[in-house]
1. Does residue 196 qualify as being modelled with pLDDT under 85, in contact with a Ser or Thr (Cβ under 6 Å, 6 or more places away or on another chain) and not in a loop (DSSP other than H, G, I, E, B)?
2. If you scan the stretch 139-160, which residues turn out to be surrounded by 16 or more Cβ atoms within 10 Å (Cβ to Cβ) and of a type in the set (D, E, K, R)?
3. In the stretch 124-161, which residues are at pLDDT 90 or above and charged (D, E, K, R)?
4. May I ask you to verify whether residue 16 is surrounded by 17 or more Cβ atoms within 10 Å (Cβ to Cβ), at pLDDT 85 or above and touching a Leu at 6+ places or on another chain (Cβ under 9 Å)?
5. Scanning the stretch 114-149 for residues that are of a type in the set (Asp, Glu) and in a helix (DSSP H, G or I), which turns out nearest to residue 161 (Cα to Cα)?
6. Just for the stretch 34-43: of the residues that are outside any loop (DSSP other than H, G, I, E, B) and either at pLDDT 90 or above or of a type in the set (D, E, K, R) (or both), which one is farthest from residue 24 (Cα to Cα)?
7. Which residue is surrounded by the fewest Cβ atoms within 10 Å (Cβ to Cβ), if the candidates are limited to the stretch 53-93 and must be of a type in the set (Gly, Ala, Ser) and either modelled with pLDDT of 80 or more or closer than 13 Å to residue 21 by Cα (or both)?
8. Go through the stretch 6-33 and report how many residues are part of a loop (DSSP other than H, G, I, E, B), within 21 Å of residue 81 (Cβ to Cβ) and not hydroxyl-bearing (Ser, Thr, Tyr).
Amino acid sequence: MIASSCYLQSPSRERIAEGVSRCIDQVTEGTMNRFACLINKRKNTVWGWQHGETKIPMNDLLRICHLVGVSLVDFLHTDFVVPEKAKWILAIPPISRGITKRPPPRPFDREEIDRLLGLALEESPPLSMKAVASRLNTNKRFLYKHFSYLCKAISARHANYKKACYKQVRKQLEKDMKQVANTLQADGIYPSRRRVALISRSVE
């Protein structure tokens, strides 16, 4: 690479992105997600390299070149072809130490959560699913996945409660405005919409 710098220009980010795309096309038949899995990098990281959005670190670039059997100069300056023997399938050591493994899913007591959701369904005023998930210290999406019927019932009950509250507030507001309008008329003042609204707000 040092020797080639005398007669080759520094590669652009687009050229590096093209090299990454070429590796993806030849090694995993254009499947970026699979290539990211093979080199043990996050999908959004490899996507950024492939589209020139982010700069690939030199140690990652060198490791990829080594794994696919292509020299760094060829990767950066030629339309290289990945050797057949480099089209590996599974066990490739990680490129960097930045990868963290996901923790195994926590076991859960289905009967207990089912019982707690049943209790939440009967609470008054009705709880939202967000509040229920927070109380159970778990993810709302997880609850919907495993207890769909109960979650939908809780959500529907809360939605109906909110709708009823809205109707009640609206009904009371209409009653107050009507009373203000009657009072203005009794005093010989024309109850315009603006005047009624102003007086109603001041009363609130």
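1. Values: modelled with pLDDT under 85: yes; in contact with a Ser or Thr (Cβ under 6 Å, 6 or more places away or on another chain): no; not in a loop (DSSP other than H, G, I, E, B): yes.
It is false that residue 196 is modelled with pLDDT under 85, in contact with a Ser or Thr (Cβ under 6 Å, 6 or more places away or on another chain) and not in a loop (DSSP other than H, G, I, E, B).
2. 140, 157
3. Once the filter is applied, which keeps residues that are at pLDDT 90 or above and charged (D, E, K, R), the stretch 124-161 yields 130, 152, 157.
4. Working: surrounded by 17 or more Cβ atoms within 10 Å (Cβ to Cβ): yes; at pLDDT 85 or above: yes; touching a Leu at 6+ places or on another chain (Cβ under 9 Å): yes.
For residue 16, the condition - surrounded by 17 or more Cβ atoms within 10 Å (Cβ to Cβ), at pLDDT 85 or above and touching a Leu at 6+ places or on another chain (Cβ under 9 Å) - is met.
5. Initial filter on the stretch 114-149 (of a type in the set (Asp, Glu)): 114, 122-123.
Right, trim to in a helix (DSSP H, G or I) and you get 114, 122.
Details: 114: 22, 122: 13 Å.
Only one residue fits best here, namely 122.
6. Within the stretch 34-43, the subset outside any loop (DSSP other than H, G, I, E, B) is 34-38, 43.
This time we only want the ones that are either at pLDDT 90 or above or of a type in the set (D, E, K, R) (or both), so: 34, 43.
Details: 34: 9, 43: 12 Å.
Restricting to residues being outside any loop (DSSP other than H, G, I, E, B) and either at pLDDT 90 or above or of a type in the set (D, E, K, R) (or both), the top hit is 43.
7. From the stretch 53-93, those of a type in the set (Gly, Ala, Ser) are 69, 71, 86, 91; that's our starting set.
When the remaining residues are screened for being either modelled with pLDDT of 80 or more or closer than 13 Å to residue 21 by Cα (or both), the result is 69, 71.
Working: 69: 16, 71: 14.
If we take residues in the stretch 53-93 being of a type in the set (Gly, Ala, Ser) and either modelled with pLDDT of 80 or more or closer than 13 Å to residue 21 by Cα (or both), then 71 is surrounded by the fewest Cβ atoms within 10 Å (Cβ to Cβ).
8. Taking the stretch 6-33 as the starting set, the residues that turn out to be part of a loop (DSSP other than H, G, I, E, B) are 7-12, 28-31.
Within this subset, residues satisfying the condition of being within 21 Å of residue 81 (Cβ to Cβ) are 8, 11, 28-31.
Retained after the next criterion (residues that are not hydroxyl-bearing (Ser, Thr, Tyr)): 8, 11, 29-30.
Of the residues in the stretch 6-33, 4 are part of a loop (DSSP other than H, G, I, E, B), within 21 Å of residue 81 (Cβ to Cβ) and not hydroxyl-bearing (Ser, Thr, Tyr).
The values are calculated or read from the model by the stated rules, or taken from the named source; none is laboratory data. Bear in mind that the values here come from a model prediction, so they are computed numbers and not experimental data. Cβ: placed from backbone, ideal geometry, glycine included. Neighbour counts: every protein chain shown.
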